[in-house]
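To keep things clear, I will list the structure first and then write my remarks on it.
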């Protein structure tokens, strides 16, 4: 559902949730740091995936394309996966090295974001507020999140969907 200017049929939502500054984000192959350290200069455009579900594999190609198109805006594009580093590398292959990729095996970051369905797409502002979230895969809802990002960063909104993107689907439970 969209909070604010909403229609109840949407599973995405504009929210005014402020994440804890000390929430730790653990990058694959790197040292975990507090969220506030990741947000010192740029917003975050985060695609959340669960490598143990078909739904996340169905959207992976589209998610990578979307993040690639947002790469030049003033948002740190990244993937957040609900798995340990070994399983992330197995699921993503070389994609794990093409994007900033965070590991969240205990789903504490997913929980803090308020996400109940994966895949998801979230926009986190430099102040740590979660500005917009789309849950499951609905191209119109992911486009709304992309529009929130591009409005904040004066960037061009990616085309969503493109031919080859999957049809809309609900996703899987985020908290297991």
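The values are calculated or read from the model by the stated rules, or taken from the named source; none is laboratory data. Everything numeric in this text was worked out from a predicted model, so none of it was measured. We place every Cβ from the backbone using ideal geometry, glycine too, and count neighbours over all the protein chains shown.
Would you say residue 68 is touching a strand residue (DSSP E or B) at 6+ places or on another chain (Cβ under 7 Å) and at pLDDT 95 or above? It is false that residue 68 is touching a strand residue (DSSP E or B) at 6+ places or on another chain (Cβ under 7 Å) and at pLDDT 95 or above. On the stretch given as the range 20-32, residues that are touching a strand residue (DSSP E or B) at 6+ places or on another chain (Cβ under 9 Å) and farther than 17 Å from residue 81 by Cβ total 3.
Out of all the residues in the range 36-44, is one or more buried (at least 20 other Cβ atoms within 10 Å of the Cβ) and either over 22 Å from residue 154 (Cα atoms) or touching a helix residue (DSSP H, G or I) at 6+ places or on another chain (Cβ under 8 Å) (or both)? Within the range 36-44 (the criterion being buried (at least 20 other Cβ atoms within 10 Å of the Cβ) and either over 22 Å from residue 154 (Cα atoms) or touching a helix residue (DSSP H, G or I) at 6+ places or on another chain (Cβ under 8 Å) (or both)), the answer is yes, since at least one residue qualifies.
Condition (residue is surrounded by fewer than 22 Cβ atoms within 10 Å (Cβ to Cβ), over 20 Å from residue 22 (Cα atoms) and at pLDDT 95 or above) applied to the range 99-106: is it met by at least one residue? The answer is yes; a qualifying residue exists. Screening residue 76 with (1) crowded, with 22+ Cβ neighbours inside 10 Å; (2) closer than 24 Å to residue 34 by Cα gives one miss only, at (1).
If a residue has to be under 15 Å from residue 118 (Cβ atoms) and within 15 Å of the chain's Cα centre (by Cα) to count, how many in the range 32-57 make the cut? Reasoning before the result, please.
Quick first cut of the range 32-57, residues under 15 Å from residue 118 (Cβ atoms) only: 46-57.
Then keep just the ones that are within 15 Å of the chain's Cα centre (by Cα); that gives 46-51, 55-57.
Adding up the residues that qualify gives 9.
Screening the range 136-176 for residues that are within 15 Å of residue 109 (Cα to Cα) and in contact with a strand residue (DSSP E or B) (Cβ under 7 Å, 6 or more places away or on another chain) and picking the one that is surrounded by the fewest Cβ atoms within 10 Å (Cβ to Cβ) gives 173.
Residues being in a helix (DSSP H, G or I), in contact (Cβ under 8 Å) with a residue 40 or more places away in the chain, out of contact with any helix residue (DSSP H, G or I) (no Cβ under 7 Å at 6 or more places or on another chain) and within 17 Å of residue 24 (Cβ to Cβ) are entirely absent from the range 139-151.
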